[in-house]
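Everything below concerns the one structure shown next.
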Amino acid sequence: MRQDVNGLGLGRLHGSYAVAGVGGALLQMARRGLVALAVVVIVMLFVRKPPSAFIKGAVTVATVLAIYGLMLAWRRATARFGIKRCYVLTDGLVVTNLFGGVRDAVRWSSMAGLNQTATLSVWLTFHRFEIARHGSAPLAFLALGRNPALATALLSQARRNGLHP
C-alpha cells in the first residue's frame, strides 16, 4: 500500500484493486477488436494461402502476443506502483490517479449512495461505480472485467457500513 494512502486515517486495508477510466475501457475495446481482426487474418491466410503465408501469420500472432504482453506488464506495474488503484479500507476508500497520487478519498460516513452499473458485452466488459457524497461532487470509476473482485469487496464493505446499494 502506498504511504500517502496509509496516512489518511481511513482504517485498516481490506484490499487493493485495479480501476480504470474511459480510456481504459476504450483500450479494452481496441485490444479485443485487434484480436478479432487477427483471428480473421489468420483464418484468411489458411483459406487463401498467399505467398509467404507463414511469415504473415507469424507476424500476426507475434502482434497479438505483444499486445497481451504489454497488458500483463501494465497490470504488474500498476499493482507495484499503486497506479489507478482503489484501496478499500475500514472507514472509507481511496482512488489513485495515473501517477499513483491520491485522486480522491471518501469516508463511508460521508457517502450518500453507491450506484453500480455493468456493461457485459463482447467488446466492453466493465462495472461502473458512482459514489454520491454529502456536499461534494460524486466519484466515479470503472472496474474492468466480468466479475471484478472490486465489485464484491466494495459492495460488502458498503453494506457493512450501513450503505445499501
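The values are calculated or read from the model by the stated rules, or taken from the named source; none is laboratory data. Nothing here was measured: the structure is a model prediction, and the numbers come from that model. A quick note on method: Cβ atoms are made from the backbone with ideal geometry, for glycine too, and the neighbour counts reach across all protein chains shown. Accessible surface areas use protein heavy atoms only, side chains included; no ligands, DNA or RNA. Shrake-Rupley method; radii C 1.70, N 1.55, O 1.52, S 1.80 Å.
Okay, here's what the table says:
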read-out	value
Selection from the range 124-164 of residues that are at pLDDT below 90 and farther than 18 Å from residue 19 by Cα	134, 135, 136, 159, 160, 161, 162, 163, 164
Test set (1) modelled with pLDDT of 90 or more; (2) surrounded by 13 or more Cβ atoms within 10 Å (Cβ to Cβ) - residue 5 fails condition number	(1)
Among residues of the range 32-53, those that are open to solvent by less than 50 Å² (accessible area, probe 1.4 Å), under 31 Å from the mean Cα position of the chain (by Cα) and of a type outside the set (A, V, I, L, M), counted	1
Within the range 97-112, considering residues that are open to solvent by less than 20 Å² (accessible area, probe 1.4 Å) and not in a loop (DSSP other than H, G, I, E, B), the one nearest to residue 162 (Cα to Cα)	108
Check on residue 123, open to solvent by less than 20 Å² (accessible area, probe 1.4 Å) and in contact (Cβ under 8 Å) with a residue 24 or more places away in the chain	no
Breaking point among (1) touching a helix residue (DSSP H, G or I) at 6+ places or on another chain (Cβ under 8 Å); (2) of a type in the set (Phe, Trp, Tyr); (3) closer than 13 Å to residue 17 by Cα; (4) open to solvent by 30 Å² or more (accessible area, probe 1.4 Å), for residue 81	(1)
Set 153, 143: member being under 19 Å from residue 89 (Cβ atoms), outside any strand (DSSP E or B), touching a residue at least 40 places away in the same chain (Cβ under 8 Å) and not acidic (Asp, Glu)	153
Residue 61 being outside any strand (DSSP E or B), open to solvent by 60 Å² or more (accessible area, probe 1.4 Å), in contact with a helix residue (DSSP H, G or I) (Cβ under 9 Å, 6 or more places away or on another chain) and not small (Gly, Ala, Ser)	yes
Whichever residue in the range 84-96 is assigned to a loop (DSSP other than H, G, I, E, B) and modelled with pLDDT under 90 and, among such residues, is most open to solvent (accessible area, probe 1.4 Å)	91
